[in-house]
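Remarks on the structure that follows.
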Amino acid sequence: RVGFSISLTNAFASANGLDMREEIRRERTVELMFENLRYNDIIRWKIAEVVLPKALVGIRYFDDEATTQLGATDRATYCTDAGGELNGVFVYPAPDMYVMEQAQFRTFDPERDYFYPIPTNEIVKSEGNITQNPNWDK
């Protein structure tokens with residue numbers, strides 16, 4: 001990045017108590033933000049069952065902006081409280097964070113979801129040479 005003079009080396013990671021793998025992953029997340037590569041990284045690193053079932057947190061409203069923009073009822077329904085909780089569940093360590101999707105509605109099945117389903121027409125065209133990926137035939 002412009003103006004960033006420190007190189008991420010093993011010596012730097014060790015001196016600062018960093019895990020090199022996690023630091024590289026963090027750097028990819030920051031550098032490639034909004035380039036639609038994050039999901040592929042999560043699948044490739046096989047961390048999807050940990051990362052994806054968490055709440056999807058959006059923007060933070062400041063002061064009473066949340067009540068002004070959303071109304072008091074929607075603020076209580078969609079924004080974290082002073083303790084970072086929404087509906088009694090800890091979501092994010094800050095108040096007034098807009099929760100776009102709660103964790104209980106986000107799932108990932110590692111036995112199935114690391115593979116996409118094979119389209120039925122491709123299976124039929126293969127005349128039995130291709131079978132459906134595991135756990136997609138239910």
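The values are calculated or read from the model by the stated rules, or taken from the named source; none is laboratory data. Bear in mind the structure is a predicted one, so any value in this text is a computation, not a measurement. All Cβ positions, glycine included, derive from the backbone under ideal geometry; neighbour counts span all protein chains shown. Remember, those area values only see protein heavy atoms, side chains included, never the ligands or the DNA or RNA. Shrake-Rupley method; radii C 1.70, N 1.55, O 1.52, S 1.80 Å.
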The stretch 1-69: GluC sites (Glu not before Pro) in DSSP coil with no more than 11 other Cβ atoms inside 10 Å: 35
Karplus (6.51, -1.76, 1.60) ³J(HN,Hα), θ = phi - 60°, over the stretch 32-39, in Hz, Gly and Pro reported as x: 9, 4, 6, 10, 6, 10, 4, 4
³J(HN,Hα), Karplus 6.51/-1.76/1.60, whole Hz, each residue of the stretch 14-28, x for Gly, Pro: 5, 5, 10, x, 9, 8, 4, 4, 5, 5, 5, 5, 4, 5, 4
Computed accessible area, residue 115, all protein chains, 1.4 angstrom probe, square angstrom: 110
Read-out semi-axes √(5λ) of the Cα gyration tensor in Å, derived from the coordinates shown; its label in [x] 27, 18, 11; [y] 25, 18, 13; [z] 35, 28, 14: [z]
Distance from the stretch 103-125 to the stretch 1-47 (C-alpha centre basis), Å: 28
Listed residue (29, 73, 124) projecting farthest to the positive dipole end of the chain, Cβ model: 124
